[in-house]
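To start, the structure under review is shown below, and the notes come after it.
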Amino acid sequence: QAKAQGKSCYKIFDAQMHAKALIRLNLEHEFCKALERKDFILYYQPIFDINTNHLIGFEALVRWQHPIWGFVPPAEFIPIAEETGLIVLLDNWVLYTACQQLATWQNQHPNLPPLKMSVNLSVPDLRKASLVRDIETILAETGVDGNCLTLEITETMLINNINDTLIVLEQLKTLGIQISIDDFGTGYSSLNYLHRLPADALKIDRSFINQMQAGNRNYQLIKTIITIGNQLGLAVIAEGIETQQQLQWLQELGCEFGQGYLFSPPLSAPKIEALFMNTGCSHISCQLQ
Ligand code: C2E
Ligand code: MG
Ligand code: MG
Ligand code: MG
């Protein structure tokens, strides 16, 4: 009896693995076609100075609109694109498109302090020999100043090959590019590498903000991250701010920047223009209340 059960369990498991492998293969195949077809579009989530309510810039977040499947969430296709290395092609497109969009918005608002653009990178991007050259070309072709481009990397991306990664990051810094540590506190962080990193900012992961309660563990962790950022001269950006209470706590703790549904979800470029970039706004404020 047990043996029979064991066998049928094995079969179910096997069938599930098979189904998963098929979905995966299919996804990989579809992803290649999507790159050619240009199914991808960029959404932009505004980032604010949470003390002055001024719009600082945007994080570019990719969206896949499949002609039959519809919307495919990044959490489903980014990991596969990373494993297959195809992310390199996608991220090059993301970098180009985001910089082009930034140049357009900056030109429309020459009297504002220059808006910034943040783009997420993955491990294969940092391993690409031509990364620095490619970004240099993108900056030259779009006319974007390196100081206005931020690249987001995670701590987990640093654990293998930290020395090679540091060399790449140093080269990117010579172009004026800013480096943010994304999802800070969730990866395999080791505080002893932080001072070696040419980082400019820490992004507090949404999961911390999410579970923040007055004085609880997450509250204390956030407080500590902000202190570390301030001590090391790094800007601190809170992500996933959803409530007025979270915003108030973050302001009290001395966090400078933030993004989240309270201000705005990621939006298509036309929606960003309708909400934030309209009417020669000399002091764009966030749309609170
Ligand atoms: P991330 O860089 O940490 O991006 C923040 C994620 O939190 C985004 O999810 C954003 O839509 C979501 N978010 C922002 N504010 C809120 C909020 O207030 N509440 C909630 N519930 N969620 C919020 P998204 O767009 O699904 O992206 C997921 C992840 O996929 C990103 O995490 C990033 O790691 C990766 N990713 C997205 N676009 C790209 C890309 O172009 N290239 C690469 N390499 N990775 C990307
Ligand atoms: Mg990010
Ligand atoms: Mg993040
Ligand atoms: Mg995150």
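The values are calculated or read from the model by the stated rules, or taken from the named source; none is laboratory data. Just so it is clear, the model here is predicted, and its values are computed rather than measured. Cβ sites come from the backbone with ideal geometry, for glycine too, and all protein chains shown count toward neighbours. Remember, those area values only see protein heavy atoms, side chains included, never the ligands or the DNA or RNA. Shrake-Rupley method; radii C 1.70, N 1.55, O 1.52, S 1.80 Å.
Among the residues of region 154-165, the ones that are out of contact with any helix residue (DSSP H, G or I) (no Cβ under 6 Å at 6 or more places or on another chain) and either open to solvent by less than 20 Å² (accessible area, probe 1.4 Å) or charged (D, E, K, R) (or both) come to 2 in all.
The numbered conditions (1) within 16 Å of ligand 3 (Cβ to nearest atom); (2) in contact (Cβ under 8 Å) with a residue 12 or more places away in the chain are all true for ALA75 except (2). So, of the residues in region 78-112 that are open to solvent by 90 Å² or more (accessible area, probe 1.4 Å) and without any contact (Cβ under 8 Å) to a residue 24 or more places away in the chain, which turns out to be nearest to GLU141 (Cα to Cα)? In this case the residue turns out to be ASN107.
Can you confirm whether TYR219 is among the aromatic types (Phe, Trp, Tyr), open to solvent by 20 Å² or more (accessible area, probe 1.4 Å) and either touching a Phe, Trp or Tyr at 6+ places or on another chain (Cβ under 8 Å) or within 16 Å of ligand 2 (Cβ to nearest atom) (or both)? Spelling it out, TYR219 is indeed among the aromatic types (Phe, Trp, Tyr), open to solvent by 20 Å² or more (accessible area, probe 1.4 Å) and either touching a Phe, Trp or Tyr at 6+ places or on another chain (Cβ under 8 Å) or within 16 Å of ligand 2 (Cβ to nearest atom) (or both). Within the span defined as region 81-104, every residue fails to be in a helix (DSSP H, G or I), among the charged types (D, E, K, R), farther than 22 Å from GLU28 by Cα and more than 16 Å from ligand 3 (Cβ to nearest atom).
Could you check region 193-216 and list, in sequence order, the residues that are away from ligand 2 (no atom under 16 Å from the Cβ) and closer than 20 Å to LYS116 by Cβ? Within region 193-216, LEU197, PRO198 qualify. Per the listing LEU202, LEU175, the residue uniquely modelled with pLDDT of 95 or more and open to solvent by 20 Å² or more (accessible area, probe 1.4 Å) is LEU175.
On the stretch given as region 214-246, residues that are of a type in the set (A, V, I, L, M), under 28 Å from ALA98 (Cα atoms) and in contact with a Cys (Cβ under 9 Å, 6 or more places away or on another chain) total 3.
When region 239-256 is limited to residues that are assigned to a loop (DSSP other than H, G, I, E, B) and open to solvent by 70 Å² or more (accessible area, probe 1.4 Å), the one that is farthest from ligand 4 (Cβ to nearest atom) turns out to be GLU256.
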